[in-house]
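Peer 1: To start, I am sharing the structure in question, which I have written as structure tokens.
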Amino acid sequence: MIKLRLPRPSSSNSNPSPTSPRLLLGAVLVASLLGACAGDDPAPASAGPTRVHLVAAIQDDVDAVLAAYGALDDRPDLTASPRLVTAMARLDATVQQLALAAQDLRAGDLGIGRVAAPFQLSMRAGQLAPELRAIKRAIRASELAPAAQAELLTAVARVQVAARSLDLSTGTYHASVNRVANDDALGEASDRNGPLFPGSQFYVLDEGHIDAVDAAFEDDQLGITIHDESIDPDVERDPRYTIMVAKSAAKIEIPDARFAFIGPIGSTAWILPENQLDAEAAGILWPGFSTEEIEPGVFVSDQVQIRFKQVVGPNGFSVFESPQDEATPPVVLVDSENGLPDTVTLPPSTHKHSNWAFESAGIYLVRVDVRGQLNVPGQPWVTSSSATLKFVVLP
């Protein structure tokens with residue numbers, strides 16, 4: 001397979017960290033452009049509640065999650081299948097971590113503990129989402145009677161509602177209490193993936209394995225999240241508050257005319273690569289697509305369509321598959337300069353990587369949705385809400 005080779009990062013500190021002034025500026029511009037350019041809701045603004053009230057709201061939501069989980073865990077039917085037992089064990093581990101973070105929040109003072117605990121709670125709430133979906137699938141695949149399945153699914157839905165409320169309250173805390181970071185806090189922040197600044201609801205991803213479009217089908221609806229596998233356990237992130245970064249180490253020179261859809265031979269582009277080893281060597285993002293949260297047989301012909309509907313940015317954006325040899329051209333899946341929408345079609349339960357190309361540095365807002373034709377009488381189409389993927393491409 002022929003790949004566009006990425007240069008190895010130099011030993012100098014030329015690549016900005018996620019908390020560098022350039023990226024902070026870019027993220028601020030992203031936040032300001034969300035409503036005007038892409039139609040997403042901005043991050044919640046401070047409405048004036050005190051820190052005490054915000055923490056109390058988080059604690060109430062934690063209590064609701066734990067109560068809903070306790071009611072689910074008391075159900076005797078949870079041993080109906082080995083698959084269900086395994087799924088519940090994963091959920092139990094995450095809930096235990098959530099309970100520990102809640103203890104830290106209650107014991108915290110006005111220092112960094114108050115920042116770290118809500119962030120941990122938000123992360124655990126995000127981790128609950130795929131685990132709860134896995135439990136739903138295990139319930140539906142079990143040999144339990146329909147009435148017993150319905151009761152279990154209702155109990156799971158109560159945990160889901162409580163987890164979503166917790167995610168919202170922690171986000172409100174971040175946006176209201178930690179709107180401005182001081183220089184000392186920025187200096188202590190991680191250089192690899194993390195909040196835009198301590199306590200920020202915006203999360204920066206600039207290295208590691210992610211699925212930039214993670215499609216799921218639940219309760220007869222399709223949805224899109226960003227699946228972050230750069231941490232263990234992995235977590236689902238809300239595209240509205242996630243900033244993906246193409247660092248300077250992603251720059252390449254266009255090698256030959258086969259890549260003219262990106263730019264002229266010898267011109268510069270930024271590639272988040274299809275190949276994992278290339279991404280790891282350069283220390284950059286390795287973004288993919290996932291339909292692993294969709295069961296086979298749900299959609300006609302076992303096909304799910306990821307549609308790229310709009311790109312707002314300084315230059316062209318494309319997604320393509322690497323050529324197999326020196327003579328064949330790459331397979332171009334998406335090209336913003338050749339008319340949109342473009343569609344990437346995948347089967348359910350699939351994980352796929354391609355090259356994501358940006359022709360200039362700057363901010364790109366990439367609007368996507370997911371749709372499929374249900375495999376039921378009448379075969380109606382179901383389409384997700386649109387999500388806007390936010391990329392900052394560093395010079």
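The values are calculated or read from the model by the stated rules, or taken from the named source; none is laboratory data. Fair warning: this is a prediction, and the values are worked out from it, not measured in the lab. Positions of Cβ are generated from backbone atoms using ideal geometry, with glycine treated the same way; all protein chains shown enter the neighbour counts.
Peer 1: Among (1) part of a helix (DSSP H, G or I); (2) within 15 Å of Asn355 (Cβ to Cβ), where does Arg240 come up short?
Peer 2: Among (1) part of a helix (DSSP H, G or I); (2) within 15 Å of Asn355 (Cβ to Cβ), the lone unmet condition for Arg240 is (2).
Peer 1: When you check Lys352 against the structure, is it assigned by TED's automatic domain parsing to the domain that holds Glu218, among the basic types (Lys, Arg) and out of contact with any Gly (no Cβ under 9 Å at 6 or more places or on another chain), yes or no?
Peer 2: Numbers: assigned by TED's automatic domain parsing to the domain that holds Glu218: yes; among the basic types (Lys, Arg): yes; out of contact with any Gly (no Cβ under 9 Å at 6 or more places or on another chain): no.
Considered against the rule, which asks whether it is assigned by TED's automatic domain parsing to the domain that holds Glu218, among the basic types (Lys, Arg) and out of contact with any Gly (no Cβ under 9 Å at 6 or more places or on another chain), Lys352 comes out as no.
Peer 1: When only residues in region 343-392 that are free of Cβ contacts under 8 Å to residues at least 12 places away in the same chain and closer than 19 Å to Ala216 by Cβ count, which is farthest from the chain's Cα centre (by Cα)? Before the answer, list the steps.
Peer 2: First, the residues of region 343-392 that are free of Cβ contacts under 8 Å to residues at least 12 places away in the same chain: 376-378, 380-381.
From what's left, closer than 19 Å to Ala216 by Cβ: 376, 380-381.
On the way: Val376: 30, Pro380: 28, Trp381: 24 Å.
Only one residue tops the list, namely Val376.
Peer 1: Is it the case that Ile210 is at pLDDT 95 or above and under 23 Å from Glu359 (Cα atoms)? Don't jump to the end; show me each part of the working.
Peer 2: Working: at pLDDT 95 or above: yes; under 23 Å from Glu359 (Cα atoms): yes.
So Ile210 fits the description; yes.
Peer 1: Tell me whether region 282-295 contains one or more residues that are in a helix (DSSP H, G or I) and surrounded by fewer than 18 Cβ atoms within 10 Å (Cβ to Cβ). Even if it seems obvious, please write down each step before you answer.
Peer 2: First, pick out the residues of region 282-295 that are in a helix (DSSP H, G or I): 282.
Right, trim to surrounded by fewer than 18 Cβ atoms within 10 Å (Cβ to Cβ) and you get none.
Within region 282-295, not a single residue is in a helix (DSSP H, G or I) and surrounded by fewer than 18 Cβ atoms within 10 Å (Cβ to Cβ).
Peer 1: What number goes with the only condition from (1) surrounded by 17 or more Cβ atoms within 10 Å (Cβ to Cβ); (2) closer than 21 Å to Gly223 by Cβ; (3) at pLDDT 95 or above that Leu333 does not pass?
Peer 2: That leaves (2) as the condition not met.
Peer 1: When only residues in region 65-78 that are hydrophobic (A, V, I, L, M, F, W, C), at pLDDT 90 or above and more than 9 Å from Val159 (Cβ to Cβ) count, which is surrounded by the most Cβ atoms within 10 Å (Cβ to Cβ)? Walk me through how you get there before you give the answer.
Peer 2: The first filter runs over region 65-78 and keeps only residues hydrophobic (A, V, I, L, M, F, W, C), leaving 65-68, 71-72, 78.
After this cut, where a residue has to be at pLDDT 90 or above as well, the list is 65-68, 71-72.
Still in the running and more than 9 Å from Val159 (Cβ to Cβ): 66-67.
Values: Leu66: 17, Ala67: 13.
Across region 65-78, the extreme among qualifying residues is Leu66.
Peer 1: Just one of Leu152, Leu100 is within 20 Å of Glu218 (Cβ to Cβ) and not assigned by TED's automatic domain parsing to the domain that holds Thr225; which is it? So that I can check it myself, show each step before the final result.
Peer 2: Values: Leu100 fails: within 20 Å of Glu218 (Cβ to Cβ).
The match here is Leu152.
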